[in-house]
Structure formats: structure tokens, C-alpha cells
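Bear in mind that the values in this text are calculations on the coordinates, not laboratory data. All values reported here derive from a predicted model rather than from experimental measurement. Note: ideal-geometry Cβ built from the backbone for every residue, glycine included; neighbour counts use all protein chains shown.
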Amino acid sequence: MLKKIDTKKAPAAIGPYSQAIVCGNMLFTSGQIPIDPATGDIHGADITEQAEQVMKNLAAVLEEAGTTFENAVKTTCFLADMGDFAAFNAVYGKYFTEKPARSCVAVKTLPKNVLVEVEVIAAL
């Protein structure tokens with residue numbers, strides 16, 4: 001049985017998808033981009049500011065599902081520019097302290113032309 005996760009503390013889905021889905025004892029988040037849920041605007045002009053907003057959004061989704069960054073099993077990170085990897089990694093490391101498995105790739109374009117998007121698989 002699947003359970004949809006929805007919180008006002010993270011941006012609403014901008015398409016036909018959920019913020020996250022619980023399947024059994026696992027949480028699968030959709031990719032979070034640096035949208036400020038209070039305004040609907042992109043937050044941050046550089047990778048550090050945008051990554052911080054992404055982490056706030058992920059924290060809200062994880063909390064709504066009853067889990068935390070510490071229970072992350074796998075992340076997938078998308079960067080608009082691999083030149084931002086070190087700055088992104090500095091922010092990422094503050095939140096994912098248990099060092100889950102990770103993929104990080106540069107992509108041509110992200111939604112709303114943001115610099116970063118992150119999705120998480122976490123245990124509940």
C-alpha cells in the first residue's frame with residue numbers, strides 16, 4: 001500500500017506527482033528544487049544558497065513522513081554545473097552526516113533553471 005506525503009512546509013508539486021511516497025518502511029522523495037514554499041519563488045542566486053533551500057525542503061518532507069536525514073539510504077543529486085560540486089558538497093555534508101549512497105550528475109537544464117535538485121530514499 002502506498003501513502004502520499006504532503007506538507008505545506010515544502011513546495012507543492014508543480015506537476016502530476018507527489019512530494020514523496022511511502023512504500024512499506026521506505027520513503028521515496030521527489031526531487032526538491034530551491035523553491036521557497038512561503039512565496040513560490042526560487043530562493044538563492046548561487047549554489048550555496050540554493051542548496052540550503054533544497055535541504056530545508058527535504059527536511060520538511062522527511063519530517064512529515066516521520067524520518068530524518070540520518071535515515072537516508074540513497075540520494076540522487078543533479079547539478080546544472082559540475083563546477084559547483086565542491087560548494088554543493090559543503091552544504092550536502094552538513095545535512096547527510098551518515099553518508100548515504102549517492103549519485104551526483106551534471107545535467108543540461110533543471111526545472112525553472114535552478115542550479116540544483118536532490119531526491120532521497122530513506123528508511124522510516
Please figure out what share of the DSSP beta bridges in the chain is antiparallel and state it in percent, rounded to the nearest 5.
-> 75 percent
Nearest 10, in degrees from 0 to 90: the angle of helix 47-65 to the longest Cα principal axis of the chain is 0 degrees
Arrange the peptides 35-47, 101-113 so that the one whose residues have, on average, the most other Cβ atoms within 10 Å appears first.
-> 35-47, 101-113
Short version: what are the Cα gyration tensor semi-axes of the stretch 38-103, square root of 5 times each eigenvalue, largest first, in whole Å?
-> 19, 17, 9
Starting from the amide H of Ala106, placed 1.01 Å from N in the peptide plane, find each other amide H under 5 Å away whose residue is 5 or more places distant or on another chain.
-> Leu79
So for the chain, Kirkwood radius off the Cα pairs, Stokes-Einstein at 20 °C and 1.002 mPa s: how many µm² s⁻¹?
-> 150 µm²/s
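Give me Phe88, Phe28 sorted ascending by neighbouring Cβ count inside 10 Å, so fewest comes first. Before the final figure, lay out the partial values.
Details: Phe88 23, Phe28 17.
With the sparsest Cβ surroundings first, the list reads Phe28, Phe88.
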